[in-house]
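Worksheet: the structure to be examined is printed underneath.
The values are calculated or read from the model by the stated rules, or taken from the named source; none is laboratory data. In this text the structure is predicted, and so the values were computed from the model without any measurement. FYI the Cβ positions are ideal-geometry reconstructions off the backbone, even for glycines, and counts take in every protein chain you see.
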Amino acid sequence: MSKPEVPDIENTEIYEESKRYAIPKIFTSPSTGMEFVLIPAGKFMMGSPSGEEVIYDDEAPIHKVTIEDSFYMGKYPVTQKQWKKIQGSNPSSLKGEDWPVEMISWEDAQEFIQKLNEKEGTEKYRLSSEAEWEYSCRAGTQTRYSFGDDESKLNEYAWYEKSFGSETHPAGQKKPNSLGLYDIHGNVWEWVQDRWHSNYNVAPSDGSAWEDGNSSSRLIHGGSWGSNAVSCRSAARLGDDPDSCGSVVGFRLLREL
């Protein structure tokens, strides 16, 4: 099955900024073949707008965040094939080389990142902050989803509970958002760097990961193949133990410029 075409993003407001940078729009990891999409710096409103039909306390208050530095974001969640190239084994319960790796904890993701950085002689790979993830997901929008508010279109972009088949699917089979990121809604929840907080009061405004606080839980975003539509919204978030894993949780990498 061929992947859906990436929409023309030359005309989107957020992507216009990338023209300022004399760097490739796509970066490919030499050791894994993982593709990364350029995400230009900018500002956005993070959290659930007051007009959304469903808003949870931990998605508020909506607040302005400035992403000060451009970065590369994984075009797809990390696949089982890519995981095996670094870790040598595949922990996933739902097997398929091009399927997102799952059954990995936040701690497992950190180990993978450390080994990948060592293998390529860099320190540029990491998990995104929650703000960087939502900024990339929204791609300049302020709607429930990266494609708008119409929930009936979610199946075009995401594998979720109303899609055919109660399992993960190969990465990149649904439509991408306007920045060219696939499976940013659904398929697997994605770990980010931040600790969980019950709301956004005193959250960082510079796009950095929010790592202080008493909670030991880390955050996952994006929803999964088992999630309802509400959980696949751009602002939706859940906390989970850093050593917890399941068949609905994977991760996507960020690479610094």
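Below are the figures for this structure:
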| quantity | calculated |
| --- | --- |
| Out of W159, W196, sole residue that is of a type in the set (F, W, Y), under 27 Å from P91 (Cα atoms) and under 15 Å from the mean Cα position of the chain (by Cα) | W159 |
| Whichever residue in the stretch 65-105 is among the hydroxyl-bearing types (S, T, Y) and out of contact with any strand residue (DSSP E or B) (no Cβ under 9 Å at 6 or more places or on another chain) and, among such residues, is nearest to S224 (Cα to Cα) | S93 |
| Hits in the stretch 27-80 - residues which are basic (K, R) and under 16 Å from Y182 (Cα atoms) | K75 |
| Test for D98: is it touching a Pro at 6+ places or on another chain (Cβ under 9 Å), under 20 Å from K84 (Cβ atoms) and part of a loop (DSSP other than H, G, I, E, B) | yes |
| Some residue of the stretch 181-189 being on the phi > 0 side of the Ramachandran plot, exposed (fewer than 15 other Cβ atoms within 10 Å of the Cβ), out of contact with any helix residue (DSSP H, G or I) (no Cβ under 6 Å at 6 or more places or on another chain) and not small (G, A, S) | no |
| Cβ pairs under 6 Å, 6+ apart, first in the stretch 21-36 and at pLDDT 95 or above, second in a loop (DSSP other than H, G, I, E, B) | E35/K75 |
| Verdict on P49 being closer than 26 Å to S216 by Cβ, touching a residue at least 60 places away in the same chain (Cβ under 8 Å) and either part of a strand (DSSP E or B) or not hydroxyl-bearing (S, T, Y) (or both) | no |
| Exclusive hit being at pLDDT 95 or above and either closer than 30 Å to G47 by Cβ or not in a helix (DSSP H, G or I) (or both), set N90, N117 | N90 |
| Within the stretch 212-225, tally of residues that are modelled with pLDDT of 95 or more and of a type outside the set (K, R) | 8 |
| Conditions (1) surrounded by fewer than 22 Cβ atoms within 10 Å (Cβ to Cβ); (2) of a type in the set (A, V, I, L, M); (3) closer than 12 Å to P77 by Cβ; number of the one not met by A171 | (1) |
| Test: residue in the stretch 98-112 that is out of contact with any Gly (no Cβ under 8 Å at 6 or more places or on another chain) and within 18 Å of L38 (Cβ to Cβ) | no |
| Answer residue from the stretch 54-68, given it is within 20 Å of the chain's Cα centre (by Cα) and outside any loop (DSSP other than H, G, I, E, B) and is surrounded by the fewest Cβ atoms within 10 Å (Cβ to Cβ) among those | K64 |
| Subset of the stretch 69-84 (residues that are farther than 23 Å from C232 by Cβ and assigned to a loop (DSSP other than H, G, I, E, B)) | D69, S70 |
